[in-house]
Amino acid sequence: MRLQKFLAEAGVASRRAGEELILAGKVEVNGRVVRTMGVCVNPQADRVTLNGNPIQPRRKLYVAVHKPRGHVCTRNDERNRPILGELLPEPWRHLYPVGRLDRDSEGLIFVTNDGAFALRVTHPRHAMGKLYVAEVAGRVTGKMMVRLRRGVEHQGEGLKPRAARLVSANQTRSIVELELAEGRNREVRRIFAALGMEVLRLRRERIGPIKLGELPVGKWRMLSETEVNSVLNQK
């Protein structure tokens, strides 16, 4: 890990500020002053100090949250809307959301301070499936499901779920499960808009191998080591 990244992850300074501390000769690695960029350290083996004070790597945290409707997935909101961080203990307010879940949607979202974990979940090349349950106004027909599975176009963009299943349908509402590979902005709502249907409620049930399960709305839980590894090691 590059030294300035280590400083940032330890909560000492931003990467830019960390670089300035290094250039100023205030950082030592194993007793030697470092003044150049590009030096790498092993957080478990090397001793890093700032102005003579030892720096400990910050513990990596992986938290699953059941986001309620109405909360936004940002660390600050200029419109003073409820934010995801308010559901967490005060010392964890620095954690950042992994990906997004729009304000009107609910369900599973992760927060973490591990960039590698966040990248594994969100980057399109990993194509980590995300399962949603949509409550739709009116009856979704079999023909609509055929169109949906083949892919639709909305505002000039092609949208296609990895899989879709009609759970139930009547004249007033339908329940549809959809798995998305990327989870583009408001993708489920846009898919149904292309079919002339309105999504009344949308909940994310699963991200990769990790399920929302019985986690109550507005509550959180730590991911187990097994769950974290199931994400980091997924191909």
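Would you point out which residue out of GLY151, GLY138, GLY129, GLY183 is on the phi > 0 side of the Ramachandran plot, of a type outside the set (Lys, Arg), under 15 Å from the mean Cα position of the chain (by Cα) and surrounded by 12 or more Cβ atoms within 10 Å (Cβ to Cβ)?
Working: GLY151 fails: under 15 Å from the mean Cα position of the chain (by Cα); GLY138 fails: under 15 Å from the mean Cα position of the chain (by Cα); GLY129 fails: on the phi > 0 side of the Ramachandran plot.
The conditions single out GLY183.
Sort out which residues of the stretch 30-59 are more than 22 Å from ALA116 (Cβ to Cβ) and either surrounded by 14 or more Cβ atoms within 10 Å (Cβ to Cβ) or in contact (Cβ under 8 Å) with a residue 60 or more places away in the chain (or both), and write them in order of number. Before the answer, list the steps.
So the first thing to find is which residues in the stretch 30-59 are more than 22 Å from ALA116 (Cβ to Cβ), and the list is 30-36, 47, 49-54.
Scanning the stretch 30-59 gives VAL34, THR49, LEU50.
Within the stretch 217-235, track down each residue that is surrounded by 11 or more Cβ atoms within 10 Å (Cβ to Cβ) and part of a helix (DSSP H, G or I).
Listed by number, the residues that qualify are GLU227, VAL228, ASN229, SER230, VAL231, LEU232.
How many residues does the stretch 154-180 hold that are surrounded by 15 or more Cβ atoms within 10 Å (Cβ to Cβ) and either among the basic types (Lys, Arg) or over 19 Å from ARG206 (Cβ atoms) (or both)? Don't jump to the end; show me each part of the working.
Our first condition is that a residue be surrounded by 15 or more Cβ atoms within 10 Å (Cβ to Cβ); within the stretch 154-180, this holds for 154, 159-161, 164, 166, 169, 173-180.
Pick out the ones that are also either among the basic types (Lys, Arg) or over 19 Å from ARG206 (Cβ atoms) (or both) and you get 154, 159-160, 169, 173-174.
Going through the stretch 154-180 one residue at a time, the tally reaches 6.
Looking only at the stretch 186-216, how many residues end up being surrounded by 13 or more Cβ atoms within 10 Å (Cβ to Cβ) and among the small types (Gly, Ala, Ser)?
Going through the stretch 186-216 one residue at a time, the tally reaches 3.
For the stretch 133-180, enumerate the residues that are in a loop (DSSP other than H, G, I, E, B), closer than 20 Å to ASP102 by Cβ and touching a strand residue (DSSP E or B) at 6+ places or on another chain (Cβ under 8 Å).
Selection gives LYS160, PRO161, ARG162.
Do we have ARG103 as of a type in the set (Lys, Arg), in the same structural domain as ARG189 (by TED's automatic domain parsing) and over 12 Å from the mean Cα position of the chain (by Cα) here?
no
Determine, yes or no, whether VAL228 is among the β-branched types (Val, Ile, Thr), touching a residue at least 40 places away in the same chain (Cβ under 8 Å) and over 26 Å from ILE83 (Cα atoms).
In short, no.
The values are calculated or read from the model by the stated rules, or taken from the named source; none is laboratory data. Owing to the predicted nature of the structure, the values given are computational and were not obtained by experimental measurement. Neighbour counts run over all protein chains shown; Cβ positions are idealised from the backbone, glycine included.
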